[in-house]
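Chemist: Dumping the structure here so I can ask a few things about it.
The values are calculated or read from the model by the stated rules, or taken from the named source; none is laboratory data. All values reported here derive from a predicted model rather than from experimental measurement. Backbone-built Cβ (ideal geometry, glycine too); neighbour counts: all protein chains shown.
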Amino acid sequence: MSASPDTPEVVDPAAASPVAPGLGDQYDTYARQHRARLFGMWVFLVSELLIFAGLFSLYAAYRAEYGADFAAGIEHNNATYGTINTLVLITSSFTVAAAVHAVRGGRTRTAARLLYVTIAIGAVFLVIKGLEYSTHLHEGFAPGPYYSNTELPQFGARMFFTLYYIATGLHGLHVVVGLGLLAFVAWKAHRLRYDEYHHVGVEMAGLYWHLVDVIWIFLWPVLYLMG
Amino acid sequence: MAHAQTPAQAPAHHRITARTNLFVWVALVVLTALSYGASRLHLGTADIVIALVIATIKTALVMLYFMHVLEETFATRAAIGLAVLLFLTLLLITVGDPLTRRTYPRAPAPPAPAPVLQGLGAD
């Protein structure tokens, strides 16, 4: 096993790949560059989590104060829309996980197709959300000073729907950004700019999309179920 | 023959298979159905606990398998753990205030201002 002077130098297949990106000066290998980028993405994602932490905290504090009004607000929320959207997002998380799995195995074309499917499912989420918003607005459940529902005039209910719009609005913004990221990597995958060694973009876009899913996994019970 | 540095995908990546991903998806759907079903029983406070416990399990599944935390480095896991800790701290301190105020009576809820856009709710 010991290398004799005649042994040719072992070539890192990642460096030999035709789609190899630049290797940062600070990295010895592509493997390290890959891991460092994923770590950077995670640090970004947890800081995103802390943005939502503020909203969840506000929700908890107002709910502690106006529990009955929040429960009434949830009863007036449309659990069917919310539940369908939960299933939609979970499924899109699965397809993006499958895309990452495919590109890791070097099946870049399959990954591109799965990413396109994910984008389509993500768009379905936004359409359902839009339908839901329009239903709420017609019932007078609008945010802040625009609230005009007469069935639930209490302060707590107004607060619930204001938080509902801020939380789902911020989440929806993340869905839109996530769709943009997915479209970018889907196009690159479509053009075969990734292989089994170089695909950190797909992994990062996937992580972002999963974050969007995780936030919704908590928004769903908090806004639709805990009546 | 000597091995070069680990290439971009470490062997550990292969621990999570396509089959595992599929099982995780099925588990997430089942948990969603369970959570929905439990919420229809209207169990009061237990409602909240059940919903949040199921959401936590679902999040753990997504993070461990779909987000590959199982394969991540210690540094990444530490960053996640710290963020969760900060999240819970922020949440508990914020909710602890209204839950434990006993020193002065609660202020009455402010009266509802007149709707800015009349007729938004009227068709």
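Chemist: Just a yes or no: is a residue in the stretch A:30-51 within 9 Å of chain B (Cβ to nearest Cβ), under 30 Å from A:MET159 (Cα atoms), in contact with a Ser or Thr (Cβ under 7 Å, 6 or more places away or on another chain) and among the hydroxyl-bearing types (Ser, Thr, Tyr)?
Modeler: no
Chemist: Just one of the numbered conditions (1) within 11 Å of chain B (Cβ to nearest Cβ); (2) outside any helix (DSSP H, G or I) is not true of A:PRO221; which one?
Modeler: Failing condition for A:PRO221: (2).
Chemist: If you check every pair at least six apart or on different chains, which have Cβ atoms under 7 Å apart with a residue in the stretch A:135-154 that is closer than 14 Å to A:ASP69 by Cα and at pLDDT 90 or above first and a residue that is part of a loop (DSSP other than H, G, I, E, B) and not basic (Lys, Arg) second?
Modeler: So the pair list comes out as A:PHE141/A:TYR147; A:PHE141/A:ASN149.
Chemist: Now, a different point. Return yes or no: is A:ILE128 surrounded by fewer than 22 Cβ atoms within 10 Å (Cβ to Cβ), more than 16 Å from the chain's Cα centre (by Cα) and within 11 Å of another protein chain (Cβ to nearest Cβ)?
Modeler: The answer is no for A:ILE128.
Chemist: Starting from the stretch B:79-96, take each residue that is farther than 19 Å from A:TYR59 by Cβ and list its partners that are among the aromatic types (Phe, Trp, Tyr), counting only C-beta distances under 7 angstrom and pairs at least six apart or across chains.
Modeler: B:ALA79/A:TRP42; B:ILE80/A:TRP42
Chemist: Quick one: A:PRO221 ticks every box in (1) crowded, with 19+ Cβ neighbours inside 10 Å; (2) in contact (Cβ under 8 Å) with a residue 24 or more places away in the chain bar one, so which box is it?
Modeler: Status for A:PRO221: all satisfied but (2).
Chemist: Follow-up question, since we're still on this one. Restricted to the stretch A:52-68, and to residues that are more than 8 Å from every other protein chain (Cβ to nearest Cβ) and surrounded by fewer than 20 Cβ atoms within 10 Å (Cβ to Cβ), which residue is farthest from B:ALA109 (Cα to Cα)?
Modeler: A:PHE52
Chemist: Counting only residues that are farther than 26 Å from A:ALA64 by Cβ, at pLDDT 70 or above, surrounded by 14 or more Cβ atoms within 10 Å (Cβ to Cβ) and aliphatic (A, V, I, L, M), how many does the stretch B:76-123 have?
Modeler: Final tally of qualifying residues: 2.
Chemist: Kindly establish whether B:LEU41 is of a type in the set (A, V, I, L, M) and at pLDDT 95 or above.
Modeler: no
Chemist: Can you pull out the residues in the stretch B:32-43 that are closer than 20 Å to A:SER93 by Cα and surrounded by fewer than 19 Cβ atoms within 10 Å (Cβ to Cβ)?
Modeler: Result: B:ALA33, B:LEU34.
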